[in-house]
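A quick write-up on the structure given underneath.
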Amino acid sequence: MDLDALMRCVGTTSCIVTQLTSGMIIGMLLFLIASGVTLIFGVLNVINFAHGSLYMIGAYAAWTFYQLTGSYFISALGAAVAVGMLGVLFERFLMSKVYGSNVLMQLLVCYAVVLISDDLIKIIWGPVSLSMGMPVEFRLPPLRFFGGVVPPFYIFMIVAAMAIGLLLWLVIARTRFGNIVRAAAVNGPMVSALGIRVNLYYAAVFGIGSALAGAAGALAAPVRSLTPGMGFSILIESFIVTVIGGMGSIVGAFVASIIIGLTRSFGSIGFPLFVDGVMFLIMALVLIFKPSGLFGRPHNK
Amino acid sequence: MTGRWRDLALAGAGLVILLLVPLFGAPPAIRDFIMFGMAYGLLAMSLNLLIGYSGLVSFGHAMFFASGAYAFGLAMQSGKFSIPAAFALAIVFTAVLALIVGAICVRLNEIYFAFLTLAFQMLFYNVILGWVSFTGGDQGLMGGIPRPKFLGIDLADRTQLYVFCSVAFIICIAILRQLVTSPFGYTLRLIRDNQERAAFLGVNVPLVKLTCFVISACVAGVGGILLTLFVSGAYPNFGFWTTSGEAIFMILLGGSNVFLGPLVGTVILRLLNDITVTYTSHTELVLGIVILILVLGLRKGPLDLIAERLENRRQAAAQAVRDAADAGAADTRKGGS
Amino acid sequence: MSSIDSRRTGRRQILKGAGALATAGVIGMPAIVKGQSGAIKIGVPTILSGRVAVLGQTSVGGLKVVFDKVNETGGINGRKIELVVRDSKGAPQEAAKVTRDLINNDGCQIIIDAEASSGAFAVQEVIREIGVLCIHSNSETSSLTADPKLHVPTAFRTARQGIHDAIGGGDYAAKIAKAKGLKKWATCSPDYAYGRSNTAEFMEYAKHFDGNIQVVEESWPKLFQPDYTEVVTKVLNAKADAMYSALWGGDLVAFIDQANLYGLFDKQASFMVNLGDYGVVDQVKQFPQGVYSGGRYNRTVPPTKENEEWYQNYVKTQKHKPTNWSWENDVAAQMVVEALKKTNGDTNGKKLAEVIKGMTIKTQFGVGGSVTMRAEDNTLVNYIIGYGVSLSKEPYIADFQTSPWEPIYELEKQWKKKQGYAS
Amino acid sequence: MSAAEILKLDGIDVFYGASQILFGVSFGVEKGQSLALLGRNGAGKSTTMKAIIGLAPPKRGAISVHGVAVQKFTADRIAREGIGFVPEDRQIFPEHSVEDNLKIGIKTGVGGRSDWTLEKIYDVFPILASMRTRMGGRLSGGEQQMLTIARTLMGNPDVLLLDEPSEGLAPIIVEKIGELIQQLRGMGITLIVAEQNMHFCLDIASHVAVIDKGHIVYRGSIDELRANDDVKKRYLAV
């Protein structure tokens, strides 16, 4: 415990700015992944335990596209689309077979997919960790605000994640597609009985959720090392976020991501050894006092 | 012979079979396999008391596996306890831990229960990792677990250890069996199938759930103790969420509706693991594909499938009888109108 | 969840379960292979899956280079050496189980333990019980062989030992610190046993050699933590003169990539013990210039013909670049081969241990071309330790300074006393 | 029977799990007809309706719409063949506004027909027009029933299945719903109404089928039923 250090940090603007942005960086990437988990859960009522693998595949795909095209933006887009399509296949051929069966069956299918994709990554890209490196566009000196330091790429990352989140929210809240998706989340058979190909919507939602994970992977690729199994820790954190925010709530995922991001950034100064513990503690407290999460509706099933 | 005595007799027979294994000169590798399987088997069997019999899907069961292992290992390393005393101490510690965690968790339903147990497990795991001076952190309890003789039993001897593990294992299985066939077991299933109805019938649902949770945790703790004795150490990943995950897979691979299903699942998973590890370096790929085939092909544990087939056949026969009676009734009805 | 009423699970199901159990056990158990006079089997528990699969891959590479050569030239007294490699997936209890199986089931007579530290401690306990020859080739945690309580007569270590690196590194760091006036230090190391003990020992000896050094900030990212942003900014906020880091592998790559964004390496001197290893240097895209980089494995250290040939041969036969783990395993394999030659192929653990104790072999990885298995604690000594300055291009390291072993021996003795390992 | 039957069930058996609910159910409706499917609670009315729309697919037997065999189709495909389904217990989307509920139902009918628009719906259901932004969950039972019917009409069905439209509603509302159904019938929509309440159907149905324990036990015109006290007493508890 080093609460003095925390107080000292809170006393200087430079430290506050730096840690705030670093919290946002951690949080926004987490938000992209968690929003996919929460979207898929909200609509399909399945927990995609393989979401971390989609993130990993997104990062590797972006790496490969970057090697081929040399353009980061094309690579990121390509990775998101590719992982989105992979998600559709995953949903159609595997997950849709276990809809309605108990959560443990879904868990098992996802676990199998996690194992298979980890090994395939190892076979295709090798066991040695890879790194994409900073795209040329972002090889700029860090910016300074009020004495704090913020790298340009991270600004791009935060803005991109927020923009994607906003777009997702608009699509879900304001379009016919979103209208139907929200209806399918409540009562899929009824939507189907109205003549709507609800399976396509399920697949699309899974695809979008996967694309979000792919995009997160692509955004992470320039700054994180790519290894088989890299989706592991991010999966657990995105679950913490999903649970705290409320299963099915995109707004909740956003808020919870920021909470976790700030816990990590300020916690690393104030209580570096208990950061993980504190995250789980927050999760446990939320579950104890408001099981449906900060923004979730009670889940009746 | 009543059901209870029959079960006890079967447990005795099981023990005899287990004890015959080394007598018939089975190689140490088979003995090792069985001991490893017994430790994980207890983890899976006890978890199924929650999942299969009570409908409590816990993602955090490995916490008690680890608490048994660590409490026992630390007690032995302190040098102040005999093996039976440390054994008892570990179980009591696990029970107290389960009582606290369970009291908080059992109020929640379904997925929230699962996530809360997961959160507690990760807290516990982080304590083990972080409290380096006490638990050895990520390197686990180093230097081996001392096994002083007690009552003339020397657990440093592999055969005696095997016998000891077999006895502990069979006792735990027998206890679980008694439990699920007792009125308490019926209450558990009543809660699993319809919680409201159980409450309406005057069952103190949280109390029954908590009792079940604690008992199940203790059995998992024994599993942890056996593993500690086997590998002569305790490691943080005993309590990591992947271990809980593995236990769940064992249950599903075997079947959750047949009493010994999780045990069969344990054997399947261990065999899958051992065989793939022996013949390929791509264990994950092979294991993943096998799981997919099992889940999407069979859609349930093999033992559940067998049990269900039998049940269906029985019902079909009964249905045929009913159909015949119905046909007769319909004929009379037609004549009447 | 419930599809059938469990009341029906009667005796039949139980019997069926037991039957299935028994059958599965018998069919599935791979055939038992007795140790025969054919090949000499060497079991290798290691990590082949997950995030550190590269550890297993490059360890096995180091072993193969040696054993393939021995087999090509007729083996040991005509007997070939056969490697049996098993994946423990990084779980210590699996490592213990796998090691037992390798010995009991596959008939391996020797174990080369290429596990990471926690696995190595588990393997050590198995060896204590069974008593075959075991060489720990990857675990650097000092206590494994330094702590007499953990001592197992037939277990040895060819991996680096943390305390050696710390003394050599501390000496080097102190010299630089004195020259450049680096007083305020920050540390950034992975939060697990290796990271903690390594960092504590390094800073202890840096302070020992330069009394002006003080640690003003410590950060402990989790092992395999994906994001180091908060750690980087924390170090940045500390405004230290220098930083020490024991991060390694992919973690180090990610840390450097993320630290570059903040220009961390321009703001302070940095000492990174695990930087100069292939696998790291190849992956970091903007490799920092001028960082003080510890010696792991580099084709130019030592800059001899043997080393370059070894490197070329390794890449050619194994299709990947060697790492620090490769040379540690290469030495383990050579020691085993030498010992087997001396025992005439007898694989008895005690006999092999007797000849390995104190054995010196010729290798370019040693200072002056040889390394020795110190008899008193079964630990490898006289291997090359040192620091250099990183270059952003091949050979990635310049000005490599090899630490002399005399002060290391001296300080190691004191350290052992302080730890209660020696009187 | 006659080739003009727009919807035809031919000997369908439906199971829920291992238990059989429908036993060889057969009947049909011609274009413009309105058929009341009468039976006691639990007789199999709802299951029949669900079987038609594909939510409870039959294990044996055939269902045809416009002569197309649909018994293997999914619900959405059957809906697109021209079947509109109004479920019992009014499954509106509670957190969608009235208008959003209606919009989800938008679909062209068979042959690209789009007779029903939002304007027309609001014309026929003025009460919905006045609460178009209100959340579905905040409507009264009768309003929800209207909304469900309107939502299904948005899909321009050829045959409208109404499952227990009068269930759980106050008599005065039931009367209103009855009038509405009359109005729809006047527009020439083919109807199947599943009901326990025979009196509710007397005014709106032209034909009737009576179901009991999963078997069709009576078929005829509504006038024939009126005259058949035996059937009424035995199966309809009148």
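Does the stretch B:91-237 come out rounded, prolate or oblate, given a ≥ b ≥ c as the square roots of the eigenvalues of its C-alpha gyration tensor, rounded meaning a/c under 1.5 and, failing that, prolate meaning a/b above b/c?
Oblate is the answer for the stretch B:91-237, as a/c is 1.5 or above yet b/c matches or exceeds a/b.
Once both axes come from the Cα atoms, what is the angle between helix B:302-336 and the longest principal axis of chain B, in degrees from 0 to 90, rounded to 10?
10
Pairwise over distinct Cα atoms, reciprocal of the mean inverse distance: report the Kirkwood radius of the stretch A:35-175 in Å, one decimal place.
That comes to 17.4 Å for the stretch A:35-175.
Within the stretch B:134-160, list the residues whose amide N lies under 14 Å from a label point set 7 Å along Cα→Cβ of B:S78.
Answer for this model: B:134-135.
So how long is each side of the stretch B:198-255 along the principal axes, counting just the alpha-carbon atoms, biggest first, in Å?
48, 23, 18
Taking amide H atoms as placed 1.01 Å from N in the peptide plane, list the residues 5 or more away in sequence, or in a different chain, whose amide H sits under 5 Å from that of C:K222.
C:D191
For C:K89, go through the lysines and keep the ones whose alpha-carbon is under 16 Å away, minus same-chain ones fewer than eight residues off.
A:K122, C:K97
Quick one: what do you get for the stretch C:214-265 if you divide its Cα Rg by 2.2 N^0.38 Å?
Against the compact-globule rule of thumb, the ratio is 1.05.
I want to check the label-to-label distance for C:T372 and D:K213. Put each point 7 Å from Cα in the C-beta direction and report it in nm to one decimal.
The modelled label-to-label distance comes out at 9.9 nm.
Which cysteines in the protein assembly as shown lack any other cysteine whose Cβ sits under 4.7 Å from their own Cβ?
If one checks each Cβ against the other cysteines of the protein assembly as shown, A:C110, B:C105, B:C165, B:C172, B:C212, B:C218, C:C108, C:C134, C:C188, D:C201 turn up with nothing under 4.7 Å.
Among C:K175/C:K222; C:K178/C:K207; C:K184/C:K285; D:K45/D:K103; C:K207/C:K267, which pairs are too far apart, with a Cα-Cα distance over 19 Å?
C:K175/C:K222; C:K184/C:K285; D:K45/D:K103; C:K207/C:K267
What is the stretch A:180-301 by shape, rounded, prolate or oblate, if you read a ≥ b ≥ c off the alpha carbon gyration tensor as root eigenvalues and call it rounded for a/c under 1.5, prolate for a/b larger than b/c, and oblate otherwise?
Taking the square roots of the gyration eigenvalues as a ≥ b ≥ c, the stretch A:180-301 is oblate.
Rounded to two decimals, what is the ratio between the C-alpha radius of gyration of the stretch B:3-300 and 2.2 N^0.38 Å?
Output field value: 0.98.
With +1 on the Cβ of every Lys and Arg and -1 on the Cβ of every Asp and Glu, and nothing else charged, how large is the dipole of the stretch A:82-192 about its Cα centre, in debye rounded to the nearest 20?
320
Hey, what's the protein assembly as shown come to in accessible area per residue, 1.4 Å probe, Å²?
About 36 Å² of surface per residue is accessible.
Need the C-alpha centroid separation for the stretch A:209-231 versus the stretch D:93-119, integer Å.
Computed from Cα coordinates, the inter-centre distance equals 40 Å.
How much of D:E99 can a 1.4 Å solvent probe reach, expressed as accessible area in Å² and rounded to 10?
We get 40 Å² for D:E99.
With θ set to phi - 60°, apply the Karplus curve 6.51 cos²θ - 1.76 cosθ + 1.60 along the stretch C:349-364 and write out the HN-Hα couplings as whole Hz, x wherever there is a Gly or Pro.
Working through the residues one at a time gives x, 5, 5, 5, 4, 4, 7, 6, 3, x, 5, 10, 10, 7, 6, 6 Hz.
Angle check, please: helix C:249-261 long axis (alpha carbons) against the longest principal axis of chain C (alpha carbons), in degrees 0 to 90, nearest 10.
Around 30 degrees separate the two axes.
Normalised by the number of residues in chain C, what is the relative contact order in percent for Cα pairs under 8 Å and 6+ residues apart?
Relative CO of chain C lands at 16 percent.
Could you give the nm distance between label points at B:R314 and B:I104, where each point is 7 Å from its Cα heading toward the beta carbon?
Simple spin-label model gives 4.3 nm for this pair.
Using only Cα atoms, locate the centre of the stretch A:189-206 and the centre of the stretch C:44-99, then give the distance between them in Å, rounded to an integer.
About 52 Å separates the Cα centre of the stretch A:189-206 from the one of the stretch C:44-99.
What would the Debye equation give as log₁₀ I(q)/I(0) for the stretch A:1-65 at q = 0.18 Å⁻¹, counting only Cα atoms as equal point scatterers?
-0.78
Any chance you could check the Cα centroid distance between the stretch A:234-301 and the stretch C:253-325 for me, in angstrom?
Using only Cα atoms, the two centres lie 38 Å from each other.
Tabulate in residue order the Karplus-calculated ³J(HN,Hα) for the stretch A:146-151, using 6.51 cos²θ - 1.76 cosθ + 1.60 with θ = phi - 60°, rounded to whole Hz; enter x for Gly and Pro.
Running phi through 6.51 cos²θ - 1.76 cosθ + 1.60 with θ = phi - 60° gives 6, x, x, 10, 9, x Hz.
For chain A, what relative contact order do you get, as a whole percent, if you take Cα pairs closer than 8 Å and at least 6 residues apart?
38
Could you give me the ³J(HN,Hα) list for the stretch C:77-88, computed from phi with Karplus coefficients 6.51, -1.76, 1.60 and θ = phi - 60°, whole Hz, x at Gly and Pro?
6, x, 8, 6, 9, 10, 8, 10, 9, 10, 8, 9
Students often get this wrong: which residues of the stretch D:127-166 have the backbone nitrogen under 15 Å from the point 7 angstrom along Cα-to-C-beta of D:T108?
Taking a point 7 Å out along Cα→Cβ of D:T108, the residues of the stretch D:127-166 whose backbone N falls under 15 Å are D:155-157.
Just to confirm a number: summing +1 for Lys and Arg and -1 for Asp and Glu over residues other than C:Q364 whose beta-carbon lies under 13 angstrom from that of C:Q364, what do you get?
With Lys, Arg at +1 and Asp, Glu at -1, the net is -1.
Can you list, largest first and rounded to whole Å, the semi-axes you get for the stretch B:150-226 by taking the square root of 5 times each eigenvalue of its Cα gyration tensor?
The equivalent ellipsoid of the stretch B:150-226 has semi-axes of 36, 11, 8 Å.
Specify the angular offset, from 0 to 90 degrees and rounded to the nearest 10, of the alpha carbon long axis of helix C:193-209 from the longest principal axis of the alpha carbons in chain C.
Tilt of helix C:193-209: around 30 degrees.
Could you tell me which residue out of D:G188, D:A129, D:T148 lies farthest along the dipole of chain D toward its positive end? Charges go on the beta carbon: Lys and Arg +1, Asp and Glu -1, centred on the Cα centre.
Positive-most Cα among the choices belongs to D:T148.
Name the residues whose placed amide hydrogens come within less than 5 Å of the amide hydrogen of D:A209, ignoring near sequence neighbours (fewer than 5 apart) on the same chain.
Close amide H contacts, sequence-distant or interchain: D:A36, D:L37, D:L38.
For the protein assembly as shown, state the semi-axes of the equivalent ellipsoid (square roots of 5 times the eigenvalues of the alpha-carbon gyration tensor), sorted largest first and rounded to whole angstrom.
Ellipsoid semi-axes (Å, largest first): 64, 38, 26.
In a GNM of chain A with a 10 Å cut-off on Cα contacts, which of A:E237, A:E137, A:E91 has the highest mean-square fluctuation?
Result for chain A, Cα springs under 10 Å: A:E137 fluctuates most.
Could you give the dipole magnitude of the protein assembly as shown about its Cα centre, charging the beta-carbon of Lys and Arg +1 and that of Asp and Glu -1, in debye to the nearest 20?
Rounded to the nearest 20 debye, it is 1380 debye.
Please identify, among B:Y40, B:Y112, B:Y125, the residue showing maximal mean-square fluctuation in a Gaussian network model of chain B using a 10 angstrom Cα cutoff.
Of B:Y40, B:Y112, B:Y125, the most mobile in the Gaussian network model is B:Y112.
For chain A, what are the DSSP H helices with axial Cα length of 30 Å or more and mean Kyte-Doolittle hydropathy of at least 1.0?
Long hydrophobic helices here: A:13-44, A:72-93, A:103-125, A:152-174, A:198-220.
Which is farthest toward the positive dipole end of chain C among C:G56, C:Y262, C:A159, measuring Cα position about the Cα centre, with Cβ charges +1 (Lys, Arg) and -1 (Asp, Glu)?
C:G56
Across bins of 20 angstrom width beginning at 0, how are the C-alpha pair distances of chain C distributed, in whole percent?
26, 53, 18, 4, 0
Taking amide hydrogens as modeled 1.01 Å from N in the peptide plane, which residues meet the under 5 Å criterion relative to C:V84, leaving out close sequence neighbours?
C:I42, C:G43, C:V44
Quick one: grab the alpha carbon gyration tensor of the stretch A:102-181, order the square roots of its eigenvalues as a ≥ b ≥ c, and give me rounded if a/c is under 1.5, else prolate or oblate depending on whether a/b is larger than b/c.
Cα axes put the stretch A:102-181 in the oblate bin.
So how compact is the stretch C:287-341: Cα radius of gyration and Dmax in angstrom?
Spelled out, the Cα radius of gyration and Dmax of the stretch C:287-341 are 13.4, 46 Å.
What total accessible surface area, summed over both chains, is buried at the interface between chains C and A, computed with a 1.4 Å probe and given in Å² to the nearest 100?
Result for this pair: about 3300 Å² buried.
For the stretch D:139-238, what percent of Cα pairs sit more than 17 Å apart?
53
Can you tell me, using C-alpha contacts under 8 Å and at least 6 residues apart, the relative contact order of chain D as a whole percent?
Result for chain D is 27 percent.
Applying 1/(1 + (r/R0)^6) with R0 = 30 Å to the Cβ-Cβ distance of C:D266 and A:L166, what FRET efficiency is obtained, to the nearest 0.05?
Efficiency, from the Cβ-Cβ distance: 0.25.
For the stretch A:153-252, what ratio Rg/Rh do Cα atoms give with a Kirkwood hydrodynamic radius?
Using Cα coordinates only, the ratio equals 1.03.
Using just the alpha carbons, could you tell me how many Å³ per residue the convex hull of the stretch D:1-147 encloses?
133
Return, for the Cα atoms of the stretch C:269-423, the radius of gyration and Dmax in Å, separated by a comma.
17.5, 53
Find, among the trypsin sites (Lys or Arg not before Pro) in the stretch C:312-366, those assigned to loop by DSSP (not H, G, I, E, B) with at most 14 other beta-carbon atoms within 10 angstrom.
C:K319
The values are calculated or read from the model by the stated rules, or taken from the named source; none is laboratory data. It should be emphasised that the depicted structure is a prediction, and the values quoted were computed from it without experimental measurement. Every residue, glycine as well, gets a Cβ built from its backbone with ideal geometry; the counts of neighbours run over all protein chains shown. Side chains are part of the model used for accessible areas, which takes the heavy atoms of the whole protein and leaves out ligands, DNA and RNA. Shrake-Rupley method; radii C 1.70, N 1.55, O 1.52, S 1.80 Å.
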